[in-house]
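Enquirer: This structure is in structure tokens; I'll ask about it shortly.
The values are calculated or read from the model by the stated rules, or taken from the named source; none is laboratory data. On a predicted model such as this, the values are computed, not experimentally measured, just so you know. Using ideal geometry, Cβ is built from the backbone for each residue, glycine included, and neighbour counts are taken over all protein chains shown.
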Amino acid sequence: MSHLALVNPAFRTAPSPATQWAHDIRNALTTVGLHLDTLERLAGSAGHKAVEAAHALMLRASGMCEQALAPTSAAGPTTRRRAVDAVAAIRQVADLVAPIAPKDFAIRVHAEGAHPVLADADHLFRILFNLLHNAVSVARHRGTLTSVDIAVERTDGAVVVRIADDGPGLPASVRKQLFRAGVPSASGSGLGLAIARELAEMSGGTLRLVPSARGATFVLELPAAATVAAPKEGPVTRSLGRRAA
């Protein structure tokens with residue numbers, strides 16, 4: 001099977017929105033390829049789960065392409081903010097990346113009930129996907145990261161998502177410039193983290209790296225919403241003309 005090549009250009013200036021979309025689409029499609037590779041080695045329910053995750057990511061990638069090609073207003077890109085359950089979004093992304101993680105890798109979600117945030121649902125997906133994709137990439141290629149713990153809680157008028165891994169952490173030189181496009185991170189070019197922070201800020205939130213005794217810990221904070229919008233799709237959605245659950 002042919003593989004999608006990853007190119008990590010050195011950005012001398014801030015990347016354009018089209019470049020940012022291309023980065024996320026590339027990561028999504030690369031992950032699809034890994035799911036399909038997994039199918040060559042798996043059978044039964046495990047293989048079925050990987051197929052479902054692959055189709056869900058292909059659907060997401062298709063939507064990203066459509067948004068990237070859509071005309072924008074003179075004021076720039078807009079956000080479609082609504083009430084979205086952050087916990088449901090986290091579990092969905094975790095289900096999508098879990099089949100490509102090493103055998104003993106674990107993503108644990110610590111949350112009680114729903115935690116609605118006021119955000120663009122697509123942007124929230126991309127933020128979470130970039131963060132968890134990075135963790136899985138380190139686990140796959142370096143073997144120094146075995147788990148990610150995600151805690152969700154409401155504080156005053158915000159929902160705080162704390163994503164902590166047990167990996168080797170980041171050198172001080174990297175931490176100082178972590179959210180700058182083109183500054184390498186433990187998992188690649190670092191563009192994904194720059195995109196994630198920008199999308200968080202577009203929804204009125206923040207994304208930051210906080211000190212931790214072990215590994216790397218990111219804190220995503222988004223405005224809380226009063227209600228939860230019913231999800232339109234999940235990780236078992238079929239795409240690209242095959243079938244829809």
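Enquirer: In the range 126-149, what residues are of a type in the set (A, V, I, L, M), at pLDDT 95 or above and farther than 21 Å from TRP21 by Cβ?
Expert: Within the range 126-149, just VAL148 meets the criteria.
Enquirer: Continuing with the same structure: Does ARG238 count as within 15 Å of the chain's Cα centre (by Cα) and modelled with pLDDT under 95?
Expert: no
Enquirer: A further question follows. Return the residues of the range 27-50 that are farther than 21 Å from LEU128 by Cα and either part of a helix (DSSP H, G or I) or at pLDDT 80 or above (or both); say none if nothing qualifies.
Expert: Filtering the range 27-50 for residues farther than 21 Å from LEU128 by Cα gives 36-48.
LEU36, ASP37, THR38, LEU39, GLY44, SER45, ALA46, GLY47, HIS48 - these are the residues of the range 27-50 that are farther than 21 Å from LEU128 by Cα and either part of a helix (DSSP H, G or I) or at pLDDT 80 or above (or both).
Enquirer: Another one. Report whether or not THR155 is in contact with a Gly (Cβ under 7 Å, 6 or more places away or on another chain) and either modelled with pLDDT of 85 or more or buried (at least 21 other Cβ atoms within 10 Å of the Cβ) (or both).
Expert: No; evaluated as a whole, the condition is false for this residue.
Enquirer: What number of residues in the range 60-85 are modelled with pLDDT of 80 or more and surrounded by fewer than 16 Cβ atoms within 10 Å (Cβ to Cβ)?
Expert: 2
Enquirer: Is one or more of the residues making up the range 179-197 more than 21 Å from VAL93 (Cβ to Cβ), modelled with pLDDT of 80 or more, touching a Ser or Thr at 6+ places or on another chain (Cβ under 8 Å) and assigned to a loop (DSSP other than H, G, I, E, B)?
Expert: No, the conditions are met nowhere in the range 179-197.
Enquirer: Then there's this: If we scan the range 164-177, do we find a residue that is over 24 Å from MET64 (Cβ atoms), part of a strand (DSSP E or B) and either touching a residue at least 60 places away in the same chain (Cβ under 8 Å) or not hydroxyl-bearing (Ser, Thr, Tyr) (or both)? Let's see the steps before the verdict.
Expert: Initial filter on the range 164-177 (over 24 Å from MET64 (Cβ atoms)): 164-177.
When the remaining residues are screened for being part of a strand (DSSP E or B), the result is 164-165.
From what's left, either touching a residue at least 60 places away in the same chain (Cβ under 8 Å) or not hydroxyl-bearing (Ser, Thr, Tyr) (or both): 164-165.
For the range 164-177, residues over 24 Å from MET64 (Cβ atoms), part of a strand (DSSP E or B) and either touching a residue at least 60 places away in the same chain (Cβ under 8 Å) or not hydroxyl-bearing (Ser, Thr, Tyr) (or both): present.
Enquirer: Restricting to the range 88-115, and then to whatever is closer than 16 Å to ASP166 by Cα and of a type in the set (A, V, I, L, M), can you tell me which residue is modelled with the lowest pLDDT?
Expert: Of everything passing the filter in the range 88-115, ALA101 is modelled with the lowest pLDDT.
Enquirer: Follow-up question, since we're still on this one. Would you mind telling me which numbered condition in (1) in a loop (DSSP other than H, G, I, E, B); (2) closer than 29 Å to GLY63 by Cα ARG126 fails?
Expert: The single condition ARG126 does not satisfy is (1).
Enquirer: Between a residue in the range 140-157 that is over 16 Å from VAL219 (Cβ atoms) and any residue that is among the charged types (D, E, K, R) and loosely packed, with under 15 Cβ neighbours inside 10 Å, which pairs come within a Cβ distance under 7 Å, given they are 6 or more apart or on different chains?
Expert: THR146/ASP104; SER147/ARG108
Enquirer: Regarding THR13, is this residue under 21 Å from ALA200 (Cα atoms), within 19 Å of the chain's Cα centre (by Cα) and modelled with pLDDT under 70?
Expert: Here the answer is no, as THR13 does not meet what is asked.
Enquirer: Go through (1) β-branched (Val, Ile, Thr); (2) modelled with pLDDT under 90; (3) surrounded by fewer than 17 Cβ atoms within 10 Å (Cβ to Cβ) one by one and return the number of the condition VAL228 breaks.
Expert: Every listed condition holds for VAL228 apart from (3).
Enquirer: Can I ask one more? Just the residues that are over 13 Å from MET202 (Cβ atoms) and acidic (Asp, Glu), please, taken from the range 118-149.
Expert: Matches in the range 118-149: ASP149 only.
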